[in-house]
Amino acid sequence: MKAIRIDRNGGPEVLEYVDVPVPAPGPGQVLVRHVVSGINYIDVYVRTGLYKGPLPTILGREGAGVVEAVGEGVTGFAKGTRVAYTQAGAGGYAEANVVEPQFLVEVPGDVDDRTACALMLQGFTAHYLTHDTFPLQPGNVALIHAAAGGVGQLLVQLAKVRGATVIATVGTAEKAAIAKAAGADHVVVYADEDFAEATRRLVGGHAVDVAYDSVGKDTWERSLSTLRPRGMLVVFGNASGPTPPVDPLKLAAAGSVYLTRPTLVDYTRTAEEVQQRARELFAYVEHGKLKASIGAAYPLADAAQAHRDLEARKTTGKLLLLP
């Protein structure tokens, strides 16, 4: 089968389009034949070496497709079942992947493969951030960075489902229109004005209940400055680079605020939690409350170009690979 493999860390040029054997499912495993695979910023972190792991490796942590074979002891998934998954392991940038059943969800008949894939890593992330890390309630004010991206658009929509007022930040006027269409109440183009000053002007100083920050190094300190006393800064990404070490006294000076750096693995530790998140996300889609925005779908062989576009901030919505 075809796959995208890296043998060393580096830029997009290290992504190689290669032939590899189709993996065989071992006991307690499921072989999924991909219809579509997902691209996520964590794949960039793995490629560059920011997130360490064994090499060589096939990138990718999610996909949607059809069960092709099951290993010994697997129940609940039969050959031909439409499924989607996200898991901590690798192997998504390929025509097929072996998946642990606890990370597999059956896709409802009225949800297409591209939407199902988009709701895995990014959808699960937006869900746990808005429902668990800081459970949004009506009247809350949420600051959401990179609001035109795949996670960002889902975050905006789920924050509105939860009844929050949303201040979204984006880099261009074109992306501002996308964030507004997703439901943001206010949109700040950070290339035109300082987002922290704009936020305070919109809702008053220190009035933000929670800031969802996937940008990291370039934004976290100003995000902190927008919070109300005892507000929460949720740093869940490093698009501009990792945040530096934080002096706890800085959190006290900001108003006894909370800082957390959550990861999806800690919010999908059990099959029950995976299934619950998937059920709720699929239900939101089926009831018209949530729409996964597909920004672009690249042939598997063009994964390197997809990474270039993602890192250059040329993309919006979910990026997919087509085997």
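We did not get these values from a lab; they are worked out from the coordinates using the rules stated. Note that the structure is predicted; figures quoted are calculated from it, not measured. Methodologically, a virtual Cβ is constructed for each residue, glycine included, from the backbone with ideal geometry; neighbour enumeration extends over all protein chains shown.
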I need the per residue convex hull volume for segment 72-218, using only the alpha carbons, in cubic angstrom as a whole number. 149
Hey, what do the phi angles of segment 32-38 turn into as Karplus ³J(HN,Hα) couplings, whole Hz, using 6.51/-1.76/1.60 and θ = phi - 60°, x for Gly and Pro? 10, 8, 6, 8, 7, 10, x
For segment 120-198, just run the numbers: alpha carbon Rg, then divide by 2.2 N^0.38 Å, N being how many residues it has. 1.01
Could you check how many percent of all C-alpha pairs in segment 1-126 are farther apart than 23 Å? 29
For V187, enumerate residues with amide H under 5 Å from its amide H, sequence gap 5+ or separate chain, H modeled in the peptide plane. A168
For the pair Y17/K289, report the inter-label distance in nm, with labels modelled 7 Å from Cα in the Cβ direction. 4.2
Taking θ = phi - 60°, what integer Hz values does the Karplus form 6.51 cos²θ - 1.76 cosθ + 1.60 yield along segment 308-323, in sequence order, with x for Gly and Pro? 4, 5, 5, 5, 7, 6, 8, 10, 9, x, 7, 9, 10, 10, 10, x
Length-normalised contact order of segment 1-154 in % [C-alpha pairs under 8 Å, at least 6 apart]: 24
Where does the charge balance sit around G65 when Lys and Arg score +1, Asp and Glu -1, over other residues with C-beta under 15 Å from its C-beta? 0
With just the Cα atoms defining each centre, how far is segment 5-20 from segment 142-212? Give it in Å. 35
Other-chain or far-sequence residues with amide H under 5 Å of G231's (modelled H): Y258
In a shell of Cβ-Cβ distance under 15 Å around L143, excluding L143 itself, what net charge do Lys and Arg (+1) and Asp and Glu (-1) give? -2
So which trypsin sites (Lys or Arg not before Pro) in segment 198-297 pass both tests, a DSSP loop state and at most 11 other Cβ atoms within 10 Å of the Cβ? R269
Across segment 96-107, in residue order, what do the Karplus-derived ³J(HN,Hα) couplings come to in whole Hz, using 6.51 cos²θ - 1.76 cosθ + 1.60 with θ = phi - 60° and x for Gly and Pro? 8, 8, 8, 10, 6, x, 5, 9, 8, 10, 7, 8
I'd like the antiparallel share, as a percent to the nearest 5, of DSSP beta bridges with both residues in the chain. 55
Looking only at P299, P12, P21, which one moves most when the chain is put into a Gaussian network model with springs between Cα atoms under 10 Å? P21
Would you kindly give the portion of the calculated P(r) for the chain that falls above 27 Å, as a percent of all Cα pairs? 42
Could you please rank K160, K180, placing first whichever residue has the fewest other Cβ atoms within 10 Å of its Cβ? K180, K160
Within the set K180/K289; K175/K314; K79/K318, which residue pairs have Cα atoms separated by over 19 Å? K79/K318
By the scheme Lys and Arg +1, Asp and Glu -1, what is the net charge of all other residues having a beta-carbon under 11 Å from that of T115? -1
Loop only by DSSP, 13 or fewer other Cβ within 10 Å of the Cβ. Give me the GluC sites (Glu not before Pro) in segment 161-255 that pass, ordered by residue number. E193
Given H placed 1.01 Å from N in the peptide plane, which residues other than close sequence neighbours of L321 have an amide H under 5 Å from its amide H? S37, G38, I39, Y298
Rounded to two decimals, what is the ratio between the C-alpha radius of gyration of segment 187-311 and 2.2 N^0.38 Å? 1.30
